[in-house]
Amino acid sequence: LTHAQTFRGSISGSVQDASGAAVTEAQVSAVSTATGFARETLSTSNGDFLFADLPLGIYQVTVSKPGFQTVKYE
């Protein structure tokens, strides 16, 4: 029996408006603050997003959609 360590991670979340309703097709990006490695996706019909298999590190996540305020999280 062998065990392996992984040096990958994931970021997931849900995009909602002020009333708590799902925001679909919001542009979501994740950028490594150390390396600049970047991924982009759109939120689903439920407002969900997932960045799987990311190199470990600190990421800045930006969410934007026309008509809504752009938000950034680190």
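Couple of notes before you dig in:
- Residue 2 being part of a loop (DSSP other than H, G, I, E, B), at pLDDT below 95 and open to solvent by 80 Å² or more (accessible area, probe 1.4 Å): yes
- Some residue of region 32-43 being modelled with pLDDT of 95 or more and of a type in the set (Asp, Glu): yes
- Qualifying residue in region 17-29 (condition: among the β-branched types (Val, Ile, Thr), in contact (Cβ under 8 Å) with a residue 24 or more places away in the chain and open to solvent by 50 Å² or more (accessible area, probe 1.4 Å)): no
- Counting the residues of region 30-74 that are part of a strand (DSSP E or B) and in contact (Cβ under 8 Å) with a residue 12 or more places away in the chain gives 23.
- Among residues of region 5-29 being over 11 Å from the mean Cα position of the chain (by Cα) and assigned to a strand (DSSP E or B), the one that is modelled with the lowest pLDDT is 8.
The values are calculated or read from the model by the stated rules, or taken from the named source; none is laboratory data. Everything quoted here is computed from the prediction, not taken from an experiment. Counting neighbours? That spans all protein chains shown, and the Cβs are built from the backbone with ideal geometry, glycine included. Accessible surface areas use protein heavy atoms only, side chains included; no ligands, DNA or RNA. Shrake-Rupley method; radii C 1.70, N 1.55, O 1.52, S 1.80 Å.
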